[in-house]
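Report on the following structure.
The values are calculated or read from the model by the stated rules, or taken from the named source; none is laboratory data. Keep in mind that what you see is a predicted model, and the values were worked out from it rather than measured. Ideal geometry is used to build each Cβ from the backbone, glycine not excepted, and the neighbour counts take in all protein chains shown. In case anyone asks, the SASA skips ligands and DNA or RNA and just uses the protein heavy atoms, side chains included. Shrake-Rupley method; radii C 1.70, N 1.55, O 1.52, S 1.80 Å.
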Protein chains: 2
Amino acid sequence: MSMKYLTAKLAQQIDEELMNQAGAFSIDQLMELAGLACAQALARVYDKERYPNVLVCCGPGNQGGDGLVAARHLGMFGYTPTIFMPKPGSKDIYQRLKSQCDNMKIKTIPPSNDTSALRDALSSSNVILDAIFGFSFKGPIRSPFDSALPLLSGSRLPIISVDIPSGWDVEEGNVEGVGLQPDVLVSLTAPKLGVRSFNGRHFLGGRFIPKTLEEKFELNLPEYPGSDQILELKE
Amino acid sequence: MSMKYLTAKLAQQIDEELMNQAGAFSIDQLMELAGLACAQALARVYDKERYPNVLVCCGPGNQGGDGLVAARHLGMFGYTPTIFMPKPGSKDIYQRLKSQCDNMKIKTIPPSNDTSALRDALSSSNVILDAIFGFSFKGPIRSPFDSALPLLSGSRLPIISVDIPSGWDVEEGNVEGVGLQPDVLVSLTAPKLGVRSFNGRHFLGGRFIPKTLEEKFELNLPEYPGSDQILELKE
């Protein structure tokens, strides 16, 4: 039995089950483990001596929260993250996650009407963590991300995307051709249909699915090694 | 500069700073990372082939919550944890953490007026995770733990204690001689004064102290390796 690739609807349903009364997880817990996995995957591929400066790009949804958690852990690991979050999420948790980054003295690119601050940050970055759009993304890409994505792509920096590369359709992939082309992907809980043809290094993170839920949704997840929070998928 | 060993008061103060408005951490986040570190330390020392059955002993305070998180992660790692929590904490978070363990089909020893269920569980366990009393412990040891601790000690099973071995004075150590004698210790954030003379394997976990806080309290923490969430201290 091979691992299941999730529709957007199924990914949403699993997320809800984890957090409903039965699943009992708080979003704080799930984001903490998801963001830690993203930071650990980045550290596995891009060592901090050669890639010290990480531009962490956060969207306004839950994936932006994962990005903020990852930024904090990257700071703990000795990287120098910079946050690009042009459209901060309104939920209380984003503000707390952002404060935690501020306490680590992690810089955030100031909001701006033009792209010069982002260009500057890109010129001093070594790698991009793309936590802009997640499995609830529905195109088209709106401002300010419509002007940001081409800059990220144009930078030629290595990109590690969370769950679904930003700009890709969650189920169809990069059909519009406007999405990022990451070198590394971290799929959370299980990969989404849209990344079936992704052929870079592919990690699984979010090691928190109880066996009962895995069986209910027939996810057929591979076994994580030891006590690791990430697992590299091989063809 | 050597690492600081904390008084009970300072440990309490650091915990409060992490969670106050400035620190911005939720208890869910801190417990998740602390419990994960405990589970990973156990997995580092006691492999699941030789030590599959872990008796996770949880007290009624925050350390019991760390224990529940550790039990869940141990279940994810492929161990078979059993929870001994004779006096469950009343906070909402314990109930959620307990539900998460129930969802993993992790067994809990049923409450009982005698110690037979605990004796039975001990006879089929390979290692004990001691998350009974933490840095806010003040003796004497009260029921039902006064009768449980001698049974845990008498089992001769290997014991891994969280933060302060249960029964030890947080600052003075095992002065009463009634405390557990663990083989392994996981100190969270920084070791407490009472474990200065501990000479088993000693890990540090709880990798979430911002540099500013570390400097403010002059903790002089050693550097964690890579993206690991635990660090083994060596003399």
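Counting charges near B:LEU157 (Lys, Arg +1; Asp, Glu -1) among other residues having Cβ under 14 Å from its Cβ returns a value of 0. Seen against the Cα atoms of chain A and their longest principal axis, helix A:8-19 is set at about 80 degrees. In order along the stretch B:56-64, phi translates into HN-Hα couplings of 9, 9, 10, x, x, x, 4, 5, x Hz, rounded to whole numbers, per the Karplus curve 6.51 cos²θ - 1.76 cosθ + 1.60 with θ = phi - 60° and x for Gly and Pro. So how tilted is helix A:92-103 from the main axis of chain A? Cα-based, degrees 0 to 90, rounded to 10. So the helix axis and the longest Cα principal axis differ by about 50 degrees. Just which residues of the stretch B:1-32 lose 10 Å² or more accessible area with every protein chain there, against their chain alone, with the probe set to 1.4 Å? Residues losing area: B:ALA22, B:GLY23, B:ALA24, B:PHE25, B:SER26, B:ASP28, B:GLN29, B:GLU32.
The label point for A:ARG119 and the one for A:GLU172, both projected 7 Å from the Cα toward the Cβ, are 3.3 nm apart. Summarising the amide proton neighbourhood of A:PHE203: residues at separation of 5 or more, or on other chains, whose placed amide H is nearer than 5 Å comprise A:LEU185, A:VAL186, A:SER187, A:LEU233. May I ask you to list the aspartates and glutamates whose Cα is less than 12 Å away from that of B:LYS192, ignoring any residue fewer than eight positions away on the same chain? Output for B:LYS192: B:ASP163, B:ASP169, B:GLU171, B:GLU172.
Residue by residue, the stretch B:21-36 carries 3J(HN,Hα) couplings of 4, 5, x, 6, 6, 8, 5, 4, 5, 5, 5, 4, 6, 5, x, 4 Hz when phi is fed to the Karplus relation 6.51 cos²θ - 1.76 cosθ + 1.60 (θ = phi - 60°); x denotes Gly or Pro. In the stretch B:44-86, the residues that give up 40 Å² or more of accessible area when the other protein chains are added, compared with the chain on its own (1.4 Å probe), are B:MET76, B:PHE77.
Take the Cα of B:ASP47, step 7 Å toward its Cβ, do the same at A:THR212, and the gap between the two points is 3.2 nm. Couplings 3J(HN,Hα) for the stretch A:40-55, derived from phi with the Karplus relation 6.51 cos²θ - 1.76 cosθ + 1.60 (θ = phi - 60°), are 5, 5, 4, 5, 5, 9, 10, 5, 6, 6, 8, 10, x, 9, 10, 8 Hz, where x marks Gly and Pro.
A Förster radius of 45 Å, combined with the Cβ-Cβ distance separating B:LEU233 from A:SER112, puts the computed FRET efficiency at roughly 0.45.
When the C-alpha to C-alpha distance is required to be over 28 Å, the pairs from A:LYS107/B:LYS98; A:LYS48/A:LYS216; B:LYS9/B:LYS107; A:LYS105/A:LYS234; B:LYS4/B:LYS138 that qualify are A:LYS107/B:LYS98; A:LYS48/A:LYS216; B:LYS9/B:LYS107; A:LYS105/A:LYS234.
Each of the peptides B:76-82, A:52-58 was scored by the mean count of other Cβ atoms within 10 Å over its residues; in descending order, highest first, they stand as A:52-58, B:76-82.
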